[in-house]
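Here the structure comes first, spelled out in structure tokens, and everything after it is commentary.
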Protein chains: 2
Amino acid sequence: MGKATKRTVTIRDVAAAADVAVGTVSRVLNDHHSVTKPVRERVQKTILTLGYQRNAIAQSMRSSRTKMVACAIRDFDIPAFASYVKAAEATFRSAGYTFILASTANAKDVELSLLQTFTQRRVDGVMMTMSDETDPDLVYAITNAAMPVVLIDRELVQSVDSVSADHRSGARQATEYLLSLGHRRIALLVGDPKAYPSRSRIEGYTEAHRAFGIQVDPHLVRDRLLSNEATFRETAALLGRSERPTAIYAAGLDTLSGPLRAVRTAGLVVGKDISIVGGNDSDLAELNTPPITALRWDRSEMGRHAAEMLLDRIDQGSQSPPRRIRLPVSLVVRGSCRPI
Amino acid sequence: MGKATKRTVTIRDVAAAADVAVGTVSRVLNDHHSVTKPVRERVQKTILTLGYQRNAIAQSMRSSRTKMVACAIRDFDIPAFASYVKAAEATFRSAGYTFILASTANAKDVELSLLQTFTQRRVDGVMMTMSDETDPDLVYAITNAAMPVVLIDRELVQSVDSVSADHRSGARQATEYLLSLGHRRIALLVGDPKAYPSRSRIEGYTEAHRAFGIQVDPHLVRDRLLSNEATFRETAALLGRSERPTAIYAAGLDTLSGPLRAVRTAGLVVGKDISIVGGNDSDLAELNTPPITALRWDRSEMGRHAAEMLLDRIDQGSQSPPRRIRLPVSLVVRGSCRPI
DNA sequence: ATCTGTCAATGAACCGTTTCCAATCCGCGC
DNA sequence: GCGCGGATTGGAAACGGTTCATTGACAGAT
């Protein structure tokens, strides 16, 4: 055939070539039982010959299920998020779902606009964070979303599923460890308390102080630090104070390198002049000299749990009550803290 | 409103409520000029009242353009990839495209199956790597794909667009730097030479030796090392040899921590007993004690370039010849290498 | 007053599947 | 030989948009 076939081959072309009805081809494609063996084989051969590729768009159109899920997180170049997302993607893919990913930059308008995009694309489910758990627009958009939502490390919206880490317990462990070494001026560097992780870290930090009967110095609690530039600056400021902290708990997901740089810049030595606990274990923490004591939880498992939870919810609908998984956090003690 | 709205609202519902034809609603949605102002406003108000959300599936069905692009890379929890992917996603999103992401685990069958999935989903374009640039199945699948493809850090398939870093130049700089310090036994740790990065790093390494008139010891070139477990093992083995290397060039994207661990385990000190150059700059390299000399290129720019290239290709079709961008790589000298 | 041209708006066809109902075919028991 | 039931297959409707030919209305020209 000299004629160049521009048009992509459809189920109708297959039907014509195999001399059957379109319905029959569809049944072959979907492994429906009531197709006789010779017909099935003829159709399958034709599919291969013509190089037919099923059109998922048309399929979704008819079935009103897209087999797509979306994930919106703050920034996926944060290593801790990356391993989380990777595990989720793998779980979705092996369940036959395609995975859409977007960064929100922790901005409300981006979150809302992504949610709208996902709605228009008719994804079957969404995994996401929220910049502010108390924002009414965000809460409304999420609780009234057209598709199931699983929240990541957010707990305030009670009516949807969520997966989180037990940051409060982690923060308490870290702080009590430092207190038990005799530290009394422990700086806490966290992100935005409008979101669960930072809020609960502050709680854990405060609880630990209360348990030790020690007053928290509010000047030592520095929040809204979302980048290493911010933690660098803040650490430098803290180290410049007259009564500088003897320990720093850098509680964010990806905010250890800032303090390390600041300490180095100030000409101090970690584990000698100042103690540090990292909020999130990493190669950087483990391989630093000295290795940094840090909190740890299983990020892959978190991603897997979230994905499975969403898949469950997609299958079973909204009848069952919202589920909540909270993963344990543990302290890995290394050499970055010295007793006072 | 007590009535539970089961069915999602369609363009037809809007048309009925606003008392116009469906075509008119469509033209309002698409900002077509020939809609009179009062009608336009009436329709827009109705859209808001009913909470109508355009169905992207139906839209794609009719227009046969999905406004979706897909990206398949080895493993997106490798930080270097993550920043690359993040920049690409941002570029696509601001162009109105939705971003599908998947890990290939560097496995041929996964790559092929993802390519098929993307075809069936009728994505408008694909950004990807290949585990083996010489594999005929992969080459065939990519060159005959139904949609434009931009290759990432792959150069053998000439007929498609690609964006890569100049790893050969990088490797040559790293190796010449070590040679100029007097090192003569330089171990090279790379990934799989079936892909461009490792292949060209071996070339650069070899070229540098030739330029210095020095014979390459094939025992010192260790390839197919794709993880830090592998580079740890290999480094440990090299350090255990009678004539151990005086320098290690850990050329992979995410293979610095393995050698660092191995050196530490062997009781040696980086920058004193052994010199190390990292193939890819990172926090780990910068904050190590001593800081590690490493290669660097702009990963965000790489992602942006790749995305823009793909968008161009989607717009203009395949008439223009394949483009090729190769980003410069530079050596950041720090304190991990000592002269012999 | 009639004709022409322009501009808005209508309504139906179409995109490629799935699914349901109807039609056909087959073998089997009477 | 005939009726019947079950298994296959055919054919059409439906999903929710976009687009195009068509209609209707109205202003301006003759």
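The values are calculated or read from the model by the stated rules, or taken from the named source; none is laboratory data. Source: prediction; values computed, not measured. Reconstructed Cβ throughout: ideal geometry from the backbone, glycine too, with neighbour counts over all protein chains shown. Note: areas computed on protein heavy atoms with side chains; ligands, DNA, RNA excluded. Shrake-Rupley method; radii C 1.70, N 1.55, O 1.52, S 1.80 Å.
Pairing chains B and A buries close to 4500 square angstrom of accessible surface in total, based on protein heavy atoms and a 1.4 angstrom probe.
Ascending distances from the A:Arg244 label point to its copies in the other chains, with the point 7 Å along the Cα-to-beta-carbon line: 3.6 nm.
Quick one: dipole size for the range A:163-209, taken about the Cα centre, charges +1 on Lys/Arg Cβ and -1 on Asp/Glu Cβ, in debye to the nearest 20. Intermediate values should be presented prior to the final figure.
Values: 7 positive and 5 negative charges, 27 e Å.
Dipole magnitude for the range A:163-209 comes out near 140 debye.
Tell me whether the range A:171-274 comes out rounded, prolate or oblate; compute the Cα gyration tensor, take square roots of the eigenvalues as a ≥ b ≥ c, and use a/c under 1.5 as the rounded threshold. Oblate is the answer for the range A:171-274, as a/c is 1.5 or above yet b/c matches or exceeds a/b.
Among the residues of the range A:91-117, which ones have their accessible area go down by 50 Å² or more when all the protein chains sit together, as opposed to their chain alone (1.4 Å probe)? By number: A:Arg93, A:Thr98, A:Leu101.
Charges only on Cβ, +1 for Lys and Arg, -1 for Asp and Glu: so what's the dipole of chain A about the Cα centre, in debye to the nearest 20?
Numbers: 45 positive and 37 negative charges, 207 e Å.
Dipole about the Cα centre, nearest 20: 1000 debye.
Counting only alpha carbon atoms, the long axis of helix A:79-94 and the longest principal axis of chain A meet at about 20°.
Plainly put, the tip 7 Å out from Cα toward Cβ on A:Gly96 is 3.3 nm from that tip on each other copy, the closest given first. The C-alpha atoms of chain A define a longest principal axis, and helix A:196-211 lies at about 30 degrees to it. Over chain B, DSSP H runs of length four or greater, each weighted -39,500 (n - 2.57), average out per residue to a 222 nm ellipticity of -13500 deg cm²/dmol. Our estimate of slack between A:Gln53 and A:Ala211, defined as 0.36 nm per intervening residue step minus the Cα-Cα distance, is 50.5 nm.
Can you give the local net charge around A:Pro245? Use residues other than it whose beta-carbon is closer than 12 angstrom to its beta-carbon, Lys and Arg +1, Asp and Glu -1. The partial results should precede the final answer.
Working: positive: A:Arg184, A:Arg185, A:Arg222, A:Arg241, A:Arg244; negative: A:Asp217, A:Glu234, A:Glu243, A:Asp273.
For residues surrounding A:Pro245, the net value is +1.
Distance from a point 7 Å along Cα→Cβ of A:Arg241 to each backbone N in the range A:190-208: keep the residues under 15 Å and list them by number. It comes to A:190, nothing else. Each other copy holds its own label point for B:Asp109; taking that point as 7 Å from Cα along Cα to Cβ, the gaps run 4.8 nm, nearest first.
Return the equivalent ellipsoid semi-axes of the protein assembly as shown as a descending list in whole Å, where each equals the square root of 5 times an eigenvalue of the C-alpha gyration tensor. Don't jump to the answer; show the numbers that get you there.
On the way: eigenvalues 436, 266, 87 Å².
After diagonalising the Cα gyration tensor, the semi-axes are 47, 36, 21 Å.
Please give me the summed charge of the neighbours of A:Pro321: other residues whose Cβ is under 14 Å from its Cβ, Lys and Arg +1, Asp and Glu -1. Write out the running numbers ahead of the final one.
On the way: positive: A:Arg313, A:Arg323, A:Arg324; negative: A:Asp161, A:Asp312.
With Lys, Arg at +1 and Asp, Glu at -1, the neighbours total +1.
Estimate the FRET efficiency between A:Val269 and B:Val269 by the formula 1/(1 + (r/R0)^6), using the beta-carbon distance for r and 25 Å for R0, to the nearest 0.05. It comes out at approximately 0.90. Working from label points 7 Å from Cα in the Cα-to-Cβ sense, the B:Val22 to A:Glu41 distance is 4.3 nm. Restricting the chymotrypsin sites (Phe, Trp or Tyr not before Pro) of the range A:198-236 to loop positions (DSSP other than H, G, I, E, B) with no more than 16 neighbouring Cβ atoms within 10 Å leaves A:Phe212.
Accessible surface calculations at 1.4 Å, restricted to protein heavy atoms, place the range A:96-177 at 32 Å² per residue. Which one of A:Val160, B:Ala82, A:Gly303 is farthest out on the positive end of the charge dipole of the protein assembly as shown, using unit charges on Cβ (Lys, Arg +1; Asp, Glu -1) and the Cα centre as origin? Checked the options; the winner is A:Val160. Amide H contacts under 5 Å for A:Arg324: A:Ser162, restricted to partners 5 or more places along the chain or on a different chain, H placed in the peptide plane at 1.01 Å from N. Pairs spanning more than 20 Å between alpha-carbon atoms, out of A:Lys108/A:Lys194; B:Lys67/B:Lys108; A:Lys108/B:Lys86; A:Lys45/A:Lys67: B:Lys67/B:Lys108; A:Lys45/A:Lys67.
In this structure, A:Asp315 and B:Asp192 have a Cβ-Cβ separation that, at R0 = 41 Å, corresponds to a calculated FRET efficiency of about 0.55.
At 1.4 Å probe size, with the rest of the protein present, what percent of the exposed accessible area of chain A is carbon and sulfur atoms? Walk me through the numbers before you get to the answer.
Details: 7650 of 15050 Å².
Of the solvent-accessible surface of chain A, carbon and sulfur hold 51 percent.
Exposed loop sites here are trypsin sites (Lys or Arg not before Pro) assigned a DSSP state other than H, G, I, E or B and surrounded by at most 14 other beta carbons within 10 Å; excluding them, the longest clear run of chain A is A:66-223.
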